[in-house]
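First comes the structure, then the notes that go with it.
The values are calculated or read from the model by the stated rules, or taken from the named source; none is laboratory data. All of these numbers come straight from a predicted model, not from anything done at the bench. Quick reminder, even Gly has a Cβ in these numbers, built from the backbone with ideal geometry, and neighbours come from all protein chains shown.
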């Protein structure tokens, strides 16, 4: 087994870095080409953007612990990898936005930095995931055993990622306003059903079989309901970060969260299968 | 091996990976009779409460919430001088029970009964019981004239 960043051959590290760059592009491409995301980069609250970047670090450290582009040993390694992923996320975002002409001369530093920084969040997650999904070895070889809290963390990361991808779009708000309260209630139950089916029923690779002695409701409560609750909290955080629920009344906030909670639930379930 | 099973054994048998797969069936105090740690039940209960209260609130809204048409109220927040004239900050509040889309807000400056200037802007979405801040530009100082604000119309989303 290899131990630590410093003992790697430089070539391995460069390949890992290039792979991380590829992962950053793949995972953040939809959002790199979303107009609302560019606007958010300069229009959103600066402190909320700073908080988002700050919270991305523990997220990346956790992701590095469970997967990641290098086999890591200990917190220091995970922290170093988190910063590498963040750097790759910034670089990939800057390169892509530069190519698209979204950033360029004549724009203020605030505008340029904001546009790149907000892309660095999904980009760095993609960089981190690159090894897990695109790495040379089978991800299962390196899958670290996640306990219950680890599973919750993985679901949170998956929910955050998918919710982040759709939250900036106008459609989330529009869908929430088009739906009646009954639509929203149906969507909540559909999200729970889809989530449970994804992990336990559809027999995807990575499906978790339910031990026969543990009743359905026990697994449903401890994993699906908790995962959905985490998804709702992530949706709330993302919507608040993007300033999409400011000055809204509680019923509208809840229905918007429920709309974003659907992709969040799917993301949480998929993350349990993939990571 | 099923993941849940592995997890249980890991918790029951010790804290490191070496314990995974062993058949030990110890019962530390933090574990309920069915082998599921208390922590998982506590988090499960919190998650259940959160989801149940969201559903409960939505059902309550569905049963009691009003679907009255939008009722837009416009209030002048402040008037500031800008490079090309003046800007009037307006707060638009929807007191009705449904969302108004594409609300056109118009402001008119009058001297006595003579209209001098007109500005308008559009609010994308104005949800019920919610507010939006808007700005209207004028070349003359609205503080010395009469300013009329009006919502012209909207579309149901």
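Points to keep in mind about this one:
- Lone qualifier among B:65, B:44, B:85 - being closer than 24 Å to residue A:187 by Cβ and modelled with pLDDT of 85 or more: B:44
- Hey, residue B:144 within 14 Å of another protein chain (Cβ to nearest Cβ) and either touching a residue at least 12 places away in the same chain (Cβ under 8 Å) or surrounded by fewer than 15 Cβ atoms within 10 Å (Cβ to Cβ) (or both) or not: no
- Check on residue B:77, more than 9 Å from chain A (Cβ to nearest Cβ) and more than 21 Å from the chain's Cα centre (by Cα): yes
- Filtered residue count, region B:55-74, keeping only those that are within 13 Å of chain A (Cβ to nearest Cβ) and more than 24 Å from residue A:192 (Cα to Cα): 5
- Exclusive hit being within 10 Å of chain B (Cβ to nearest Cβ) and either in contact with a helix residue (DSSP H, G or I) (Cβ under 8 Å, 6 or more places away or on another chain) or modelled with pLDDT of 85 or more (or both), set A:223, A:198: A:223
- Matching entry among A:248, A:239, A:254 (being within 21 Å of residue A:43 (Cα to Cα), within 8 Å of chain B (Cβ to nearest Cβ) and out of contact with any strand residue (DSSP E or B) (no Cβ under 8 Å at 6 or more places or on another chain)): A:248
- For region B:91-135, filtering for residues that are in contact (Cβ under 8 Å) with a residue 40 or more places away in the chain and assigned to a strand (DSSP E or B) leaves 17.
- Test: residue in region A:59-67 that is touching a helix residue (DSSP H, G or I) at 6+ places or on another chain (Cβ under 9 Å) and closer than 21 Å to residue A:239 by Cβ: yes
- Matching residues in region A:155-168 - criterion: being assigned to a helix (DSSP H, G or I) and crowded, with 22+ Cβ neighbours inside 10 Å: A:155, A:156, A:157, A:158, A:159, A:160, A:161, A:162, A:163, A:164
- Counting the residues of region A:169-179 that are loosely packed, with under 14 Cβ neighbours inside 10 Å and either more than 9 Å from chain B (Cβ to nearest Cβ) or within 19 Å of residue B:54 (Cβ to Cβ) (or both) gives 1.
- Spans of helices (runs of 4 or more DSSP H) in region A:204-275 with at least 3 residues buried (at least 19 other Cβ atoms within 10 Å of the Cβ): A:226-241, A:250-274
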